[in-house]
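S.K.: Sharing a structure, written as structure tokens. Questions coming.
Readers should treat all values here as calculations from the given coordinates under stated rules, not as data from a laboratory. Remember, it's a predicted structure, so these values are computed and weren't measured experimentally. Neighbour counts are summed over all protein chains in view; Cβ atoms, including those assigned to glycine, are modelled from backbone coordinates with ideal geometry.
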Amino acid sequence: MMRALGVLTSSVLLAVTGCTADSPDDDGRTPDDVLAAAKQTLDETSGVRLTLTADELPSGVTGVTRAEGVGTHAPAFDGTLTVVLGGASFDVPVVALDGVVHAQVPLVPGWQEVDPDEYGAPDPAQLMSTDAGFSSIVTAGEDVAEGESVRGGDDNSEVLTEYTATVPGDVVGNVIPSAEGDFDATFTVTDDDELREAVLTGVFYPGTEPMTYTIGLSDYGSEPTITAP
Amino acid sequence: MNRLLLSLAAVAVAFAAADTYVVVLALPDMMASVGIPIDQLQRAAPIVSGFLLGYVAMLPMIGRIADLRGRVPVLVAALVLFALGSLVTTVAYDLPSMVGGRFLQGVGGGALVPATLALVADLYPAERRGVPLGVVSAVQEIGSVLGPLLGAVVLSVADWRAIFALNLAVGLVLAAAIRVAAIRVGGRAASEASVSRPPDLVGVALLLVVLAAGGLTFLQPPPLMRDLTWGQLFIPLVGDGRWTTATGLVTLAAVVAFLARCLTTARPLVDLRGWVGAAREADLAGSLLLGLALAGIVLAFATADPRVQVFSDQGLWYLLGAAVATAALLVHLRRASDPLVPRGALRRTPAWGSVLVSFFVGAALIAALVDIPVFARTTTYPDSQLLAALVLVRFLVALPVGAVVGGWLTRSLPAGVVTAAGMVLAAAGFVWMSTWGLAALESWTATLPLVIGGLGFGLALAPVNAAVLATTDAAVHGLASAFVVVARMVGMLVGISALTTLGLRQYYAEQADLPRVQDVCDGASRCDRFTLLLREAGIAQEQVVFLGAAGCAVVAAVLAVVLLRGAPTRSANVGPWPTSTT
């Protein structure tokens, strides 16, 4: 229901604003329109499952190799971050709520409040923010171009459309705070305007080689209850 | 030509032995590939123990299968299984598939040793067997020294999957070479499957389908996955997971069809009926029960969450399963007409005592083999597997030296005393290692406990073997020394699982009062002092494992003094390795 509503509102919105950009697709929408609709779907969903994986973290960097969990627009996040500290990787259970990040720091029992910035990570709840979160990346791209239709999503059963773009580093900083320079982005969107995957390549950690983070989104419309531990 | 065949078999034995330890350096990388963080080492223990499980489950029954089926077919089949296991491990996509591959590798590797020993017995008259048997045992030990180095060399140029791709290639080449060598030797029995006969084409076709569909299921190549049409092959038809997709189901169906074809056709590609028949005669039931019991123990420890408790609820069920299997095995051994262990073979105290001592020696030894490289990689050499391997090599080089000295001492001193002395040295080495801090390996003094430990383990090898040989009948000497080896490997298998889990549990129990981050960092949630604290806490798990290993070594020493007393070993002339067969 939420999904249908999202599609409806986005198409109404699009009809109002009109489609002026180049190369409209079959239903008369430009790639920019589709990405704007995808951002809206994400911004309006009650909850979503997020994953983030790094292909290879540059050696010597303290950063996030993997994150997995559910987020809401409270904003709140409940999941696990895998951080690399001093060469070893640790799973850190995290609950972020009301601007506070609670984490089970590796090898220390119990929950503690931490400043994620100091671990090279964003406040995971802020990823769900509608103006300074992950979704801001989706519409911040320049030179957006539609790619081919591909199969993907859970169970590989969905038909998705790829869009490529260039995203400035200050917006990517919403996901990885230390990002700098331009990033190559590939967004994969379903027919229902759900963003399914975003692949970002560029320099996330200053002074290192470019690397790739893949962000996956699924279970739109879920209603997780997230409470402080 | 006989020598060529034996050399090939010996190379295969060395390679399989190398494979037991080839993973110890790759372990952190393999753990990362399947998403296991470094502070949950207990979950990754099956990557090592899965191999040992296959090895141990096969070892006792393969000698008799080799008698029934012939040495060369067993060697070739073992290498093919080893290659298959390597293939599965190379393309593994999660922990179960990785451990499954390692298990198959172990089954193949475990079958090589007894078949090669039997080959020696065929090729040489009894009075000339000593040297070739010694050589086979020696290459086995050399293989285990070279294993970590081989792994490190491969890792320095490629990732861990390359190690198993190399195993796959070597396994297939050796299998082909042994087959060709056997045909050239001209023994009718050896070449009963002569090359002139056309192979079962239906079987070949089914096998190709298995490989192709299986390859797609494991690898899920992205270009195919993303394709609108071909990608449908990877959509699960029922539920979710890889094995209910079109490719997965085709793979499973083709495997079933291939097995059915092999069971029913007159001239099958793989003589399954023959193998199953031979396995039955060689007490398949006994081996299966042993395998089940050990698998239960491995799984019980691997599913633990040491942060909370030693065994999970699931783990307790695995333990119960292991207990049931053990009970069934004991009943089976009492009732079977021709059981795995002939009744009464180990009835004298030093005989079963040596088996028990070997168990604890193995439990302590595996801690050194796995935790020394892991320690090296988490402290001084995070980026160089080769340098981390060289740390372990200091330990491994001392081991054969100790073995020779131990053999020599056994001629003049009681076996129990020599064994105990060795294990006390090993315990001392471990206690020293348990005090290692973050920078310990940067100092030359770190070599001392490594060498002391290696010497200690070496010392204990010969007297334990001598004791079991001196107190069993000549007719079961081969079996008895095999049991010492099996007991050592079972000890390793239980040791790696139990020490890691119990060590971590102990660690978490003691660390409940670690300070809060903010207290250490003046209000901030991260600072260098706290990172250092974390790194020190991180190596604490290995320090605890070293202490546990020291405990196992002390138990072995005490048992050796008590149980090996009175074994008439000083007259017997035995080498440092198990060198006797029927």
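S.K.: What spacing in nm lies between the two simple spin-label points modelled at B:LEU319 and B:ASP29, each 7 Å away from Cα in the Cβ direction?
M.R.: Computed distance between label sites B:LEU319 and B:ASP29 equals 3.6 nm.
S.K.: Helix A:31-44: angle to the longest alpha-carbon principal axis of chain A, degrees 0 to 90, nearest 10?
M.R.: Between the helix axis and the principal axis of chain A, the angle is about 50 degrees.
S.K.: Order by neighbour count: A:SER136, B:SER384, B:SER49, fewest other Cβ atoms within 10 Å first, most last.
M.R.: Listing A:SER136, B:SER384, B:SER49 from fewest to most nearby Cβ atoms yields B:SER384, A:SER136, B:SER49.
S.K.: B:ALA415: net charge of surrounding residues, Cβ under 14 Å, Lys/Arg +1, Asp/Glu -1, itself excluded?
M.R.: Local charge sum for B:ALA415: +4.
S.K.: What is the calculated FRET efficiency for A:ASP131 to A:ASP55, with r their C-beta to C-beta distance and R₀ = 30 Å, to the nearest 0.05?
M.R.: 0.55
S.K.: Let me ask something else about it. Could you tell me which Cys residues in chain B have no other cysteine's Cβ under 4.7 Å from their own Cβ, answering none if every one has a partner?
M.R.: Here B:CYS262, B:CYS552 come out as lacking a disulfide-compatible partner, given the Cβ-Cβ threshold of under 4.7 Å.
S.K.: Still on this structure, please answer the following. Along the charge dipole of chain B, which of B:ALA440, B:LEU112, B:ALA403 sits closest to the positive end, that is, farthest toward it, with unit charges on the beta carbon of Lys, Arg, Asp and Glu (+1, +1, -1, -1)?
M.R.: About the Cα centre, the residue reaching furthest to the positive side is B:LEU112.
S.K.: Still on this structure, I have one more. Using 1/(1 + (r/R0)^6) with R0 = 51 angstrom and r between the beta carbons of B:LEU4 and B:ASP519, what's the FRET efficiency to the nearest 0.05?
M.R.: So, using R0 = 51 Å, E works out to roughly 0.15.
S.K.: About the Cα centre, and with charges only on the beta carbon of Lys, Arg (+1) and Asp, Glu (-1), how big is the dipole of chain B? Nearest 20 debye, please.
M.R.: 1700
S.K.: Continuing with the same structure: Might you report the magnitude of the Cβ-based charge dipole of the range B:47-138 about its Cα centre, with Lys and Arg at +1 and Asp and Glu at -1, to the nearest 20 debye?
M.R.: Once rounded to the nearest 20, the dipole reads 120 debye.
S.K.: Give, rounded to the nearest 20 debye, the magnitude of the charge dipole that the range B:1-198 has about its Cα centre when Lys and Arg contribute +1 at Cβ and Asp and Glu contribute -1 at Cβ.
M.R.: 700
S.K.: To continue, here is another question. Under a point spin-label approximation (7 Å from Cα along Cα-to-Cβ), what is the B:ALA212-B:ALA439 distance to one decimal in nm?
M.R.: For B:ALA212 paired with B:ALA439, the spin-label model returns 6.2 nm.
S.K.: Still on this structure: Would you list B:ILE539, B:ILE183, B:ILE178 from fewest to most Cβ contacts within 10 Å?
M.R.: B:ILE183, B:ILE539, B:ILE178
S.K.: Okay, moving on. Take B:GLU536, project a point 7 Å from its Cα along the Cβ direction, then tell me which residues of the range B:431-450 have their backbone nitrogen under 17 Å from it.
M.R.: It comes to B:434-441, nothing else.
S.K.: Output the relative contact order of chain B, whole-number percent, from Cα pairs under 8 angstrom with separation of 6+ residues.
M.R.: In percent, rounded to a whole number, it is 19.
S.K.: Roughly how crowded by other chains is peptide A:144-152, in terms of the mean Cβ count from those chains within 10 Å of each of its Cβ atoms?
M.R.: Average neighbour count from other chains, rounded to a whole number: 3.
S.K.: Right, next: Checking the a/c ratio against 1.5 first, then a/b against b/c, what shape does the Cα gyration tensor give for chain B?
M.R.: oblate
S.K.: Within the range B:330-374, what residues put their amide N at less than 14 Å from the label point 7 Å along the Cα-to-Cβ vector of B:ALA285?
M.R.: What the label zone holds, given the 14 Å backbone N cut-off, is B:330-341.
S.K.: So, in nm, how far is label B:TRP230 from label B:VAL308 when the simple model puts each one 7 Å beyond its Cα toward the Cβ?
M.R.: The modelled label-to-label distance comes out at 4.3 nm.
S.K.: For chain A, calculate the relative contact order in percent as a whole number, restricting contacts to Cα pairs under 8 Å that are 6 or more residues apart.
M.R.: Reported as a whole number, the value is 21 percent.
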